[in-house]
Amino acid sequence: MTVKSERRRGLGRGLAALIPQDASSATGSIEIPLARIRRNPFQPRTRIDEADLSSLAASIAEHGVIQPILVTETLDGYQLVAGERRVRAAERAGLVRIPAVIRQLSDREQLELALVENLQRTDLDPIEAARAYRQLIDDFGFSQEALSERVGRARSTVANTLRLLDLEAPVQEAVGAGTITEGHARALGGLPATGQARGLSIVVERGLSVRETEELVRRLRGPRSSGAPGTGGASSGVAATASESGDDSPNAPLDAAATPDPEIERVEEELRRALGTKVSVGRTRRGGRIVIEYYGDEELARIFELLVGTSA
């Protein structure tokens, strides 16, 4: 097994693989006063479900805190690194002290550990994850490649998550609230900024699927000004066409996609996973076409290498 593949599994091995250890600090947890714990300023999660918090508080009241929190020591007490929900639930349950593991960590390590813990527990919504990725890149100098290795995500996944921050605020809020999915949001990103809110309203009102949203975006954008790939619209595209028929016009009524083909949807999803970008498959009378979206020369080169096996 290569060193690189070991690093990519860092997320799966748990927080212990990321926390600096020494002989004196590996002996376990101690109980510290909840009143002396300051919240983590690098906490990427901004939303905590109240029902989940109440359930956890009830469990803690009956059984205590099973898993210690992680803190770093400060001049006047402790700063929380990981365990935000446990601290809040313990306070709600009326506890005075909480088991904690103490580590001396840099600001970068604190953000990294808070991010990884929440990703492991799938506690972050996509926008929270995107903001945490952006902070690690902007404030701590991570490259996308280094970040993807550190958090155990494919580089294309990290890039697609970061791209959510380019969307207009209403679309970001809808993703964060779970009103729409990342797939819906990426599709809406194909609209100009002035049209994203309108597109979002239609998607929510009609309860459109991701594929139907992509069709809606193509219709709202209208015909390209040129038939060449990469011209017009908010993003560039690579098209593989099996037929020159106009059966799948982007201006076709949305009802044409009202009965999606499950097999086509499966193929689209597999292609999205393999290529790490938006892919649309459309059938025509004599064949069909595959449209692969890309967002810059670097991503085009990456997709080219995946498809052809050599650098562009």
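The values are calculated or read from the model by the stated rules, or taken from the named source; none is laboratory data. All values reported here derive from a predicted model rather than from experimental measurement. As a convention, Cβ positions derive from the backbone with ideal geometry for all residues, glycine included, and neighbour counts pool all protein chains shown. The area values use the complete protein model at the heavy-atom level, side chains included, leaving out ligands, DNA and RNA. Shrake-Rupley method; radii C 1.70, N 1.55, O 1.52, S 1.80 Å.
Side notes on the structure shown:
- Here segment 284-305 is the region considered, the condition is being under 17 Å from Val158 (Cβ atoms) and among the hydroxyl-bearing types (Ser, Thr, Tyr), and the residue that is most open to solvent (accessible area, probe 1.4 Å) is Tyr295.
- Single unsatisfied condition, Gly178 versus (1) closer than 30 Å to Ser201 by Cα; (2) modelled with pLDDT under 85: (2)
- Single condition Ile180 does not satisfy, out of (1) within 12 Å of the chain's Cα centre (by Cα); (2) in a loop (DSSP other than H, G, I, E, B); (3) not acidic (Asp, Glu): (1)
- Subset of segment 60-97 [surrounded by fewer than 17 Cβ atoms within 10 Å (Cβ to Cβ), within 21 Å of Glu50 (Cα to Cα) and of a type in the set (D, E, K, R)]: Glu62, Arg88, Glu91, Arg92
- Of the residues Ser280, Ser235, the single one that is among the polar types (S, T, N, Q), closer than 20 Å to Arg186 by Cα, at pLDDT 70 or above and within 28 Å of the chain's Cα centre (by Cα) is Ser280.
- Count of segment 268-286 residues which are over 15 Å from Thr213 (Cβ atoms) and among the polar types (S, T, N, Q): 2
- Failed criterion for Arg121 (all others in (1) over 26 Å from Ala274 (Cβ atoms); (2) at pLDDT 85 or above hold): (2)
- Among the residues of segment 134-149, those identified as closer than 14 Å to Leu162 by Cβ and open to solvent by less than 30 Å² (accessible area, probe 1.4 Å) are Leu136, Phe142, Leu147, Ser148.
- Among the numbered conditions (1) at pLDDT below 50; (2) open to solvent by less than 40 Å² (accessible area, probe 1.4 Å); (3) not hydroxyl-bearing (Ser, Thr, Tyr), the only one that Asp255 does not meet is (2).
- Only residues that are assigned to a helix (DSSP H, G or I) and farther than 18 Å from Val267 by Cβ were counted in segment 198-213, giving 9.
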